1. Pairs only if they're at least six apart or on different chains, beta carbon under 7 angstrom, first in the range 424-435 and under 15 Å from residue 179 (Cβ atoms) and within 12 Å of the ligand (Cβ to nearest atom), second basic (Lys, Arg) and outside any loop (DSSP other than H, G, I, E, B); list them, first residue then second.
2. Name the residues in the range 61-102 that are closer than 20 Å to residue 153 by Cβ, out of contact with any strand residue (DSSP E or B) (no Cβ under 8 Å at 6 or more places or on another chain) and small (Gly, Ala, Ser), would you?
3. Filter the range 303-332 down to the residues that are more than 16 Å from the ligand (Cβ to nearest atom), assigned to a helix (DSSP H, G or I) and of a type in the set (Asp, Glu) and list them by number.
4. Could you name every one of the helices (runs of 4 or more DSSP H) located completely within the range 342-437 that has at least 3 residues being closer than 27 Å to residue 279 by Cα?
5. Given 76, 11, 20, 100, which one is among the aliphatic types (A, V, I, L, M), touching a residue at least 24 places away in the same chain (Cβ under 8 Å) and not in a helix (DSSP H, G or I)?
6. Report yes if residue 451 is hydrophobic (A, V, I, L, M, F, W, C), away from the ligand (no atom under 16 Å from the Cβ) and under 18 Å from residue 267 (Cβ atoms), otherwise no.
7. So, residue 69, is that one touching a Ser or Thr at 6+ places or on another chain (Cβ under 8 Å) and modelled with pLDDT under 95 or not?
8. For the range 230-241, how many residues meet the condition of being of a type in the set (A, V, I, L, M, F, W, C) and surrounded by fewer than 24 Cβ atoms within 10 Å (Cβ to Cβ)?
Amino acid sequence: MTAPAWTIPSVRAALEAKKVSSRELTSEFFACIERRNPELNAFLALSPDRAFAQADRIDAIIARGEQLPPLAGVPVAVKDVISTCGVRTTCGSRILENYVPPYDATAVGRLESAGAIVLGKTNCDEFAMGSSNENSAYGPVRNPVALDRVPGGSSGGSAAAVAAGLAVAALGTDTGGSIRQPGAFCGIPAMMGTYGRVSRYGLIAFASSLDRIGPFATTVRDVASILAVIAGRDSSDSTSVPVPVPDYAADLDRPVRGLRIGIPREYFGEGMDLIVRQKVEAGIRLLESLGCVPVELRMPHTDFAIATYYIVATAEASSNLARFDGVRYGLRVPGATLLDMYKKTRGRGFGSEVKRRIMLGTYALSSGYYDAYYLKAQKVRTLIARDFAEAFQQVDVIITPTSPSPAFRLGDKTDDPLQMYLADIYTVTGSLAGVPGISVPCGKTPDGLPVGLQVFGPHFGESLVLQLAYAFEQARGSSV
Ligand code: GLN
């Protein structure tokens, strides 16, 4: 794999110096995609018309000598659960095989208004349900770092595209880890902001109280720049919060000396690969050498996070996915009666993991079981959020591994859903608590597989999370 050459500042510098036009750069990216995508399967659809029209707009701005917008000419990829007007959006599912949204998600619109070039849509686990990208109806994505390995999931296509240099940045979604874990597996920084930070308008819902849109890029600075563009209140999403958005990239250089970094004991227990532990512990020592002060923490409800997440997320999914009935969107398989049509459409349209989730969620919500499962899970969710709130009274940020293992082999966990669910053990906590989190590269195993270090911050503490991740990235260089 060759290191991706372009970043947001280098695209800007090249355009301003007229070393390349936006149209030429866009063509270069499409040529790379054509070469590498057959092997990686990272893109499901390309949007050349839209991309070149935007590139021409950027080139016209340059020709007129006007000020370029912040993401001018930056080629980006968008996960296929995020709506793009006129560009097929499948959610990795057969049921939406031919669905073309009539509008853009707010995050996509904001990227384009800032000058970014949308190259196309990236592969993902069906309806973002999975941790390996193997639940896509359109075949798995391969990890560009090691082709026999998964890229992580569910935003595996976005992570693989950026890691392979097929896009400078990408949007993914994170419900229980789907941005951070593929970022860790593919060796790039990847971030979810606080719940409510980025509008979900146009995101096809999996679990609405958990879903978040966020960026992948090859540097923390680029992650900060993308987040700053997509964040902020949107009147089309009532859960987006009117908290002002700082200039994240401008704040990156703030010193981290004296920051208290919480190390929760529960994240370093059984079930974690030794090499991951070693890398993350070395990462913590590096942060100490920068003057950060480690504080050992207890977050006692961590053990219940997987069970809680898989009740809350499946309950919400069972409700959200009821809309795919063969009447309103996508696939319709004719049947003798209305009920027969529903059954055939949903039976053929959904893959097995999605069906499993709908059944789990429907069960957890059904009368007689609601109190025992759903209601209890909501209460435990509050306890998990309280663990975070209490931790942030003692520390500025929390440091954990992103995933208990590096990228596993394709097919390794497909027969065992529980093993697959356990891969989310360190990410679902922050999802349930609504706090921001980033995964930042933290070295490689002797086999060359990337390991990710996760940084959580308090609600709306994105600046702090990014500063810490940036200081870590700068200190680590490419050596650790
Ligand atoms: N792996 C988790 C799941 O399958 C998380 C998915 C996500 O964040 N979209 O639900």
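1. 427/180
2. Within the range 61-102, just 93 meets the criteria.
3. Matches in the range 303-332: 303 only.
4. It comes to 376-394, 417-422, 428-433.
5. After applying the criteria, what remains is 76.
6. Criteria met by residue 451.
7. Criteria not met by residue 69.
8. So the answer is 1.
The values are calculated or read from the model by the stated rules, or taken from the named source; none is laboratory data. A quick note: this is a predicted structure, and the numbers were derived from the prediction, not measured. In this analysis, Cβ positions are derived from the backbone assuming ideal geometry, glycine residues included, and neighbour counts consider all displayed protein chains.
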